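Step one of this worksheet: look at the structure below.
The values are calculated or read from the model by the stated rules, or taken from the named source; none is laboratory data. Here the structure is a predicted model, which is why all the values come from computation and not from measurement. When we count neighbours, we look across all protein chains shown, and the Cβ atoms used for this are built from the backbone with ideal geometry, even at glycine. SASA here: full protein model, heavy atoms, side chains in, ligands and nucleic acids out. Shrake-Rupley method; radii C 1.70, N 1.55, O 1.52, S 1.80 Å.
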Amino acid sequence: MEFKKFKAATVQTAPVFLNVSGTIDKAIRFIKEAHENGATLIAFPEVFVAGYPYWNWVMTPVQGSAWYEQLYRNSVAVEDPEMQPLYQAARDYNMHIVIGINERGASFGEIYNTNLIIDNQGTIIGKHRKLVPTWAEKLTWTSGDGSSLKVYDTEVGPIGTLACGENTNTLARFTLLSQGELVHIANYISLPVAPPDYDMAEAIKIRAAAHSFEGKLFTIVSCSTISPEIKDALRAEVPTIDALLDRKSSAFSGFIGPNGAVIGTPLIDDEGIVYAEIDLAKCIQPKQMHDILGHYNRFDIFDLRVNVAATRKITFVDGTEKE
């Protein structure tokens, strides 16, 4: 049996705010850099294309409505022409990519917080829509469904992904583990407006370590940052924006091993790209102690059932019968 070894990269940076083509160009520059440094997998932040709705946290819902329209206009469908250079970059640089997008739905009131999983042939092999928008995010995003709780076999190993607060959802995480996940991508946004006693960077690390330690797998974390451009865009309506969005220890990006320990030096708040060597054989020995998918569980006692059917908005019944 072959156990994959590869080099992975994870990015901590801000998008070009509400600018799809600019953000895709920025992503491609990171992809090229990662390729030149020997990586074959790269992770990007939550809704990296092309921005997070910070207005939900710092404005009233009425004030934020105009910003929602801007976000919808700068959301994407996976087949959009603006997305094609990203898929070409995956082919050109032999790179597996996990990246967050604001995915445009069929209704004008429908945006999904979606992670795309792209293989090194530039093929979208999966997309995961965030199941439950967190707190103020409910003003923007539509909930996903169980059809996207999947693990994808790739040349670098079985990949699964969850966005931000979903990494707190024990049942969602177990659903991925049960499908053989060994590489987990957890992407986030920097959230300085969290409660004063909430250390966002530490919370991200704790969640990643919990998933890695419980499942005995590698977790790759990618978190966005808040650029001066983002603050300047919101400043006219929120003059105190600097005080609201400047809090430190709000972003964490890095790697966690199957023992729950951080690999290398993570990025805290700073922009950049970091790397780690991933050896999936290192998942074997820890499972000897606690394999919650095998000997360390009691499936005769516990029974998790997951609805993986896609949501149907309408069912037409015409009342006719056919022989």
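Quick look at the numbers
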{"read-out": "Filter result for D270 (out of contact with any helix residue (DSSP H, G or I) (no Cβ under 8 Å at 6 or more places or on another chain), open to solvent by 70 Å² or more (accessible area, probe 1.4 Å) and free of Cβ contacts under 8 Å to residues at least 24 places away in the same chain)", "value": "no"}
{"read-out": "Hits in region 204-229 - residues which are under 18 Å from M289 (Cβ atoms) and either out of contact with any Phe, Trp or Tyr (no Cβ under 9 Å at 6 or more places or on another chain) or open to solvent by 10 Å² or more (accessible area, probe 1.4 Å) (or both)", "value": "A209, A210, H211, F213, E214, K216, L217"}
{"read-out": "Count of region 171-196 residues which are open to solvent by less than 30 Å² (accessible area, probe 1.4 Å), more than 18 Å from L131 (Cβ to Cβ) and either among the hydrophobic types (A, V, I, L, M, F, W, C) or out of contact with any helix residue (DSSP H, G or I) (no Cβ under 9 Å at 6 or more places or on another chain) (or both)", "value": "3"}
{"read-out": "All positions within region 1-15 that are of a type outside the set (K, R), surrounded by fewer than 21 Cβ atoms within 10 Å (Cβ to Cβ) and touching a residue at least 60 places away in the same chain (Cβ under 8 Å)", "value": "F3, F6"}
{"read-out": "K282 vs. criteria basic (K, R), open to solvent by less than 20 Å² (accessible area, probe 1.4 Å) and over 22 Å from N56 (Cβ atoms)", "value": "no"}
{"read-out": "Conditions (1) surrounded by 10 or more Cβ atoms within 10 Å (Cβ to Cβ); (2) under 26 Å from the mean Cα position of the chain (by Cα); (3) farther than 29 Å from E155 by Cα: number failed by N297", "value": "(2)"}
{"read-out": "Filter result (at pLDDT 95 or above, within 17 Å of S143 (Cβ to Cβ) and not in a strand (DSSP E or B)) within region 106-119", "value": "E110"}
{"read-out": "Considering residues of region 16-37 that are free of Cβ contacts under 8 Å to residues at least 60 places away in the same chain and surrounded by fewer than 23 Cβ atoms within 10 Å (Cβ to Cβ) only, the residue nearest to the chain's Cα centre (by Cα)", "value": "K26"}
{"read-out": "Filter result (in a helix (DSSP H, G or I) and under 15 Å from the mean Cα position of the chain (by Cα)) within region 172-218", "value": "A172, R173, L176, I204, K205, R207, A208, H211"}
{"read-out": "The one condition in (1) open to solvent by 20 Å² or more (accessible area, probe 1.4 Å); (2) part of a loop (DSSP other than H, G, I, E, B) that G122 fails to fulfil", "value": "(1)"}
